[in-house]
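Below is one structure; the comments refer to it alone.
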Amino acid sequence: MLIVFGAGALLLAVVGVYGVVAQLVAQRIPEFGLRRAVGAPGAHLAWLVLRQGGIAAIAGLFVGVVAALAGARVIQGLLYGLTPTDPLILGIAAFALITGAALAMTFPLLRAVRVDPMTALRQE
């Protein structure tokens, strides 16, 4: 049951990161169009999106690890053969969250990189 709930929580986190990053990219389309019009490479736009989404993902990861460590005594009775502060399990969970966040940022990142400068500037 814990694996099912953990996978559900990971799915919700990935969908949340996707929604936030997609909204941020949609709001910045005119800016990305202007940057493309003056010659910014696609890698620069990709870095802007990854930095913005990565900061949110890392902040969420930090808060989650702190909350997991704070609530370790509560769930200690539910775990068999593991300790709640097992570094391997926390590392695997952190890796899964960061990988999921990176995958969630892929589609908004591609949208930002492929923006047509003229279309984006007409929206303004």
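FYI, it's all coordinate maths here, none of it is from the lab. Please read these numbers as outputs of a predicted model, since none were measured by experiment. Glycine also receives a Cβ, built like all others from the backbone with ideal geometry; neighbour counts cover every protein chain displayed.
Hey, what angle do you get for helix 42-70 against the long axis of the chain, alpha-carbon based, 0 to 90 degrees rounded to 10?
The angle comes out near 20 degrees.
Mind ordering 53-64, 28-39 by average Cβ neighbours within 10 Å, highest first?
Packing order, densest peptide first, comes out as 28-39, 53-64.
In deg cm²/dmol, rounded to 500, what helix-only [θ] at 222 nm does the chain give when every DSSP H run of at least 4 residues adds -39500 (n - 2.57) and the total is split over its residues? Working shown, then result.
On the way: 7 runs with 101 residues, N = 124.
Helices in the chain give a 222 nm mean residue ellipticity of -26500 deg cm²/dmol.
Out of every Cα pair in the chain, what percent are spaced more than 19 Å from each other?
Every Cα pair in the chain considered, those over 19 Å come to 55 percent.
Can you give the FRET efficiency for residue 3 and residue 121, using 1/(1 + (r/R0)^6), R0 = 41 Å, r = Cβ-Cβ distance, to the nearest 0.05? Intermediate values should be presented prior to the final figure.
On the way: r = 49 Å, r/R0 = 1.19.
Taking R0 as 41 Å, the efficiency between residue 3 and residue 121 is 0.25.
Using alpha-carbon positions, what is the distance between the centroids of region 1-27 and region 60-124, in Å?
Cα centres, region 1-27 to region 60-124: 8 Å.
Angle between the Cα long axis of helix 87-104 and the longest principal axis of the chain, 0 to 90 degrees, nearest 10?
20 degrees
Suppose each label sits 7 Å from its Cα in the direction of the beta carbon; what would the residue 65-residue 15 distance come out to in nanometres?
It is 2.7 nm.
With a cut-off of 17 Å, note down the residues of region 1-17 whose backbone N falls inside the zone around a label point 7 Å from the Cα of residue 86 toward its beta carbon.
Of the residues in region 1-17, 1-7 have backbone N under 17 Å from the label point off residue 86.
Which whole-Hz ³J(HN,Hα) couplings does region 22-33 yield from phi under the Karplus relation 6.51 cos²θ - 1.76 cosθ + 1.60, θ = phi - 60°, glycine and proline marked x?
3J(HN,Hα) across region 22-33, in whole Hz: 4, 5, 5, 5, 4, 5, 9, 4, x, 5, 5, x.
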